[in-house]
1. Condition check: in contact (Cβ under 8 Å) with a residue 60 or more places away in the chain, polar (S, T, N, Q), within 30 Å of Ala153 (Cα to Cα) and in a loop (DSSP other than H, G, I, E, B). Does Gln197 satisfy that?
2. Pull out all pairs, ordered by first then second residue, where Cβ-Cβ is under 6 Å, the residues are six or more apart or on different chains, the first lies in the range 243-262 and is under 30 Å from Phe65 (Cβ atoms), and the second is of a type in the set (Asp, Glu).
3. Looking at the range 35-61, which of its residues are among the charged types (D, E, K, R) and without any contact (Cβ under 8 Å) to a residue 24 or more places away in the chain?
4. Test Asp86 against the stated conditions and say whether it is exposed (fewer than 13 other Cβ atoms within 10 Å of the Cβ) and out of contact with any Phe, Trp or Tyr (no Cβ under 8 Å at 6 or more places or on another chain).
5. As an exercise: evaluate Gln207 against (1) surrounded by 23 or more Cβ atoms within 10 Å (Cβ to Cβ); (2) farther than 11 Å from Leu304 by Cβ; (3) more than 13 Å from the chain's Cα centre (by Cα) and give the number of the one condition it does not meet.
6. For the range 90-110, enumerate the residues that are touching a Ser or Thr at 6+ places or on another chain (Cβ under 7 Å), more than 17 Å from Gly121 (Cβ to Cβ) and of a type in the set (Gly, Ala, Ser).
7. Just one of Gly310, Gly277, Gly289, Gly298 is touching a residue at least 24 places away in the same chain (Cβ under 8 Å) and surrounded by 19 or more Cβ atoms within 10 Å (Cβ to Cβ); which is it?
8. Out of Thr181, Thr172, Thr152, I need the residue that is among the hydroxyl-bearing types (Ser, Thr, Tyr), modelled with pLDDT of 95 or more and either part of a loop (DSSP other than H, G, I, E, B) or more than 20 Å from Val230 (Cα to Cα) (or both). Which one?
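The values are calculated or read from the model by the stated rules, or taken from the named source; none is laboratory data. These numbers were taken from a predicted model, which means no experiment stands behind them. Don't worry about glycine lacking a Cβ; one is built from the backbone with ideal geometry, like all the others, and counts go over all protein chains shown.
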Amino acid sequence: MMRLFVLPACLVAFSLALPAFAADPKAAVTDPAKADADFAVQGEYLSEGDKKLGAQVIALGDGKFDLVVYTGGLPGAGWSSGGKKDKAAGETKEGVTTFTHDKGTGVLKDGVLTLTAKENGESLVLKRVERKSPTLGAKAPEGAVVLFDGSTADNFQNGKITEDKLLQQGVTSKQKFQDCTLHIEFQTPYQPYARGQGRGNSGCYLQGRYEVQVLDSFGLEGKDNESGGVYSIKAPDVNMCLPPLAWQTYDIDYTAAKFDENNKKTANAKITVRHNGVVVQENLELPKGTTAAPVKEGPEPGPLYLQDHGNPVRYRNIWLVEKK
């Protein structure tokens, strides 16, 4: 008779006491309730009064952070690309996060960031804010093609829905399109230990040919391979990426490339991208299909493709209006 291996009672009790998510503290987090203490520190901060400063605090794991301070306000709201900004590194000890810079110091506690200038000792207080896209939750207009509303993933090849009714990355729409306007909402995971292209990476491909990058690029420089960028073609005019786990929007106006009867291209595709309500690409010509596009340029209609790059990026409220 087969005998079962039995753990001692003390070991059973110990194993049951371990939290379910403790196995890999560096795993991507999609639920804010399971995020570490650094998640509450990360975010955007804004001063009040006449002197406007905006700040973004980026979690790097193990209580370490980067701080970016913007003169004039936050990106897209008082600060634009090319404006003055400063960077500093910081660390949390005993509940207080301290940043050091050759121009001064910053102290962050309980959602309040106090910046003190080294030159004259002047201090400025910035409070935590949570910005939301003005098009978040936008309803599909009459006549729109609703690709995903949380009820089914049947409009996509390989479509999968999470328990909280969100669409997982790595899907291709079954329906194909030409000229259109697209609304899509996305959420990047919280991955403080990841860097660069390994942090909340996906992509929104119009006609499966031209990628508007999806990435947790909160606080980064704003390059073509970061959120709002058209991959390998053009960086966004401003980095409008919000912190990970915040819901964000793309509202995209797309005009397909034109071809003659011999399938020779006569006009490039064009795209205008609004990221969280701010125009980051305006009437941009797309001279080629972007890197890793699954569909080659051509006169045929193409699908919406949401890339799987190994990170659990989530999507919701996806609809488009075809242009006649």
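1. no
2. Qualifying pairs under 6 Å: Pro244/Asp216; Trp247/Glu185; Thr249/Glu185.
3. Of everything in the range 35-61, just one residue is among the charged types (D, E, K, R) and without any contact (Cβ under 8 Å) to a residue 24 or more places away in the chain, namely Asp50.
4. No, not satisfied.
5. (2)
6. Gly90
7. Answer to the check: Gly289.
8. Checking each option against the conditions leaves just Thr152.
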